[in-house]
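First the structure, in the form of structure tokens, and then the observations on it.
The values are calculated or read from the model by the stated rules, or taken from the named source; none is laboratory data. Because the structure is a prediction, the values reported are computed rather than measured. Note that we place each Cβ from the backbone using ideal geometry, even for glycine, and neighbour counts take in every protein chain shown. Just so you know, the surface numbers come from the protein's heavy atoms only, side chains and all, with ligands and any DNA or RNA stripped out. Shrake-Rupley method; radii C 1.70, N 1.55, O 1.52, S 1.80 Å.
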Amino acid sequence: MKKLQRNELKHTNPPLAFSKSAAFLLKRRLLALSLGAALGLFGLLGGCGGTSGRALTSEQTQQTDQALSPDRQAFHQLTDDIFRDQVDDSLIDLHYSLSAPETFGIQEAESLYGEVSLQAVREDLQCMKDYQTRLHAIRKSRLNEQEQLDYAILEAFLKTERSLEGLEGFFQPLAPTIGVQAQLPILLAEYAFYNPEDVEDYLSLLAGLDDYFGQLLTLEQEKAGLGLGMTEDAIQRVIDSCTPYLTPGKGCILTGTFEERLQSFSRLSEEQKKEYTRRHDELVARSFIPAYQHLIAGLEQLKGTDAAEGGLCHFPGGKEYYRYLVFSSTGTSCRSVDTLRKSIEKRLRRDSLRIAELAAEQPDLLDRYAEASFSRTEPEDILNHLRQSMAADFPEPICADYSLHYVPKVLEPVLSPAFYLTPPMDLAGHNTIYINPGSAASGSSQLFSTLAHEGYPGHLYQTSYFIQQNPAPFRHLLSFPAYSEGWATYVESLSYQMDSGLDPAMAELKSLNSLVNLGIHAYLDIMVNDQGWKIPEISEYISQYYDDPEQTSAAALYHAMVDNPTNYLEYYVGYLEFSDMREKAEKTLKEDFSAKEFHRFLLDVGPAPFSVIRKELSKWLRE
């Protein structure tokens with residue numbers, strides 16, 4: 001059989017990762033498509049004290065809560081406290097979580113970017129221990145059905161995150177391509193101005209960037225002292241991702257977007273806009289660019305600190321940390337990393353055999369693969385078509401509002417093929433999709449499936465649906481990336497059948513080829529970080545799929561897995577879980593199975609560990 005077509009992977013990565021502390025990882029804002037992965041999200045937790053007296057809900061709701069049973073009151077108080085403790089930890093988190101925080105009784109954030117340090121991670125772990133103690137004092141059986149589901153989700157989350165205890169030194173916010181240093185400018189460039197105070201807050205963020213990067217450097221120095229720093233090659237890749245942001249003047253990514261946001265903001269006079277533009281230009285030159293220059297200089301000094309080479313298993317405690325990372329990132333229902341590896345192998349064999357069957361049924365299918373293309377190539381046309389085509393198998397989209405943007409040319413080499421920027425939880429229609437014209441994965445041959453992943457029925461649809469369900473506010477702050485990325489990958493695989501430009505066999509082949517590519521990456525993630533594979537082992541393994549005589553692809557894969565552990569697992573494991581649950585539902589319900597109702601069930605549950613979702617599925621099937 002011919003070798004697989006090797007795709008440029010376009011899988012959405014963990015968003016803007018500022019830190020993957022053991023804590024509440026604020027909902028991923030930037031669901032980016034790229035080869036890399038960051039190990040976390042914005043800012044560390046803000047601690048767990050001093051907020052229980054502040055009301056999250058309205059006076060009427062508080063009066064209603066007082067009429068509830070003691071267990072329900074205690075659960076509402078706990079989840080309200082969790083929301084309060086986390087949402088206002090940093091200004092940028094608060095702004096991307098709520099467009100009008102004052103309606104929740106929140107007046108200001110505690111800091112600009114939050115604290116980044118190993119001590120802060122340890123404090124977060126203690127905070128979660130306190131949450132866990134309070135949760136276990138509540139009798140779950142006394143809660144209503146939705147509260148019991150929220151309880152199960154929170155309980156599973158806290159149990160997994162607390163397993164980071166003793167492994168805090170591995171936490172890594174800087175990473176090539178999608179680390180905080182590479183993606184923070186996107187959040188700044190998209191920082192919405194709802195009122196004049198937001199403009200001042202944005203300028204404060206620019207002014208405080210150097211201090212924040214200073215914390216990151218101090219953290220990296222501490223990690224290096226523990227023998228857990230980045231290798232020299234990884235440091236250089238991080239530095240390379242910083243250099244595009246050194247462009248001054250009109251070439252800076254922030255300059256044009258700031259002027260656009262000001263011009264569309266009618267509440268400012270022309271004189272005010274001119275003054276803000278002057279201040280902004282000055283801050284870009286004197287704060288933003290120097291912050292990156294100082295970060296680069298500090299990283300250069302960390303070269304040669306003799307960091308261990310290879311996947312996580314080469315570090316003392318690395319295997320234990322990788323296990324934590326797998327369960328934290330994927331929420332898998334598998335009980336061990338080894339069981340997960342076998343599940344991936346099994347699906348890879350099955351999909352590879354199906355590709356062989358298709359090739360045998362239509363001998364010219366593989367020859368036609370490269371030339372076969374989708375009939376729609378314009379973004380707006382694609383998204384409109386996808387929204388119409390999904391109607392038979394998905395609940396009606398709740399939100400149709402979005403804006404399309406293109407990545408600035410200077411950033412095309414360092415940013416993802418595409419990404420979706422989620423809206424604040426109180427502003428469901430504020431959706432943004434970025435397309436990178438410089439990426440092959442966003443070219444005409446793949447744009448259709450890319451936008452299915454990012455738009456309909458992917459991230460945009462999934463996120464707006466969840467917001468409109470009006471979940472308890474704390475649910476927005478829990479990060480379950482494999483649920484989000486797994487859903488987007490699952491529906492992307494279905495999207496190949498939604499375009500009339502592909503015959504059914506070719507659509508199935510393209511979908512399977514993409515999934516096998518992703519599965520190979522997920523498998524290698526485990527083999528590099530859990531089993532210690534390096535370039536020779538990778539080269540031998542991928543030779544059954546790809547031609548790579550110079551080991552160029554093997555080397556690139558190796559560095560991707562070392563730099564970004566569990567990134568590809570989020571997509572592929574999430575996809576496997578959704579796919580397996582669908583097969584179980586079809587087998588159980590037979591002719592009564594409805595794809596639309598199955599998808600409604602998954603969307604109604606919302607982001608959660610798959611162990612919890614599978615229990616809910618069993619209930620749903622019985623009912």
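General observations
- The aspartates and glutamates within cross-link reach of Lys140, meaning a Cα-to-Cα straight distance under 13 Å and a gap of 8 or more places when in the same chain, are Asp71, Asp150, Glu155.
- Ordering of 293-304, 167-178 by burial proxy (mean other Cβ atoms within 10 Å per residue, highest first): 167-178, 293-304
- Legend: translational diffusion of segment 235-327 by Stokes-Einstein, Rh = Kirkwood radius over C-alpha pairs, 25 °C, 0.890 mPa s; D = 146 µm²/s.
- Of every Cα-Cα pair in segment 496-556, the percent that sits beyond 18 Å: 46 percent
- In this structure, the residue pairs whose Cα-Cα separation is over 29 Å, taken from Lys319/Lys584; Lys303/Lys534; Lys159/Lys615; Lys129/Lys319, are Lys319/Lys584.
- Estimated from the Cβ-Cβ distance and a Förster radius of 35 angstrom, the FRET efficiency linking Gln107 and Lys615 is about 0.30.
- Rolling a 1.4 Å probe across the protein heavy atoms gives the chain an accessible surface of 38 Å² per residue.
- Convex hull volume of the Cα atoms of segment 389-531, normalised per residue: 138 Å³.
- Size-normalised alpha-carbon gyration radius of segment 376-471, reference 2.2 N^0.38 Å: 1.08
- Carbon/sulfur fraction of accessible area - segment 470-538, other protein chains in place, 1.4 Å, %: 52 percent
- Using only the C-alpha atoms, the convex hull of segment 61-142 corresponds to 100 Å³ per residue.
- Compactness of segment 83-233 as Cα Rg over 2.2 N^0.38 Å, two decimals: 1.24
- Three-way shape call for segment 256-385 based on the alpha-carbon gyration tensor, with the a/c threshold at 1.5: oblate
- Cα pair distances exceeding 14 angstrom across segment 205-277, given as percent: 75 percent
- Nearest-0.05 FRET efficiency for Asp130 and Tyr369, computed from C-beta distance (R0 60 Å): 0.60
- Each of Gln301 and Gln272 was given a label point 7 Å from its Cα along the Cα-to-Cβ line. The distance between the two points is 4.2 nm.
- For the chain, average projected area of the Cα convex hull in nm²: 27.1 nm²
- Calculated from the alpha-carbon coordinates, segment 316-453 shows an Rg and a Dmax of 19.8, 53 Å respectively.
- Rg ratio for segment 369-411: its Cα radius of gyration over 2.2 N^0.38 Å, N being its residue count, equals 1.54.
- Unit charges on C-beta of K, R, D, E only; dipole of the chain, Debye: 1340 debye
- Percent of C-alpha pairs per 5 Å bin in segment 281-351, short distances first: 3, 12, 12, 12, 12, 10, 10, 10, 10, 6, 3, 0.
- Extended-chain gain in nm, criterion 0.36 nm per residue less alpha-carbon gap, Arg600 and Gln221: 131.7 nm
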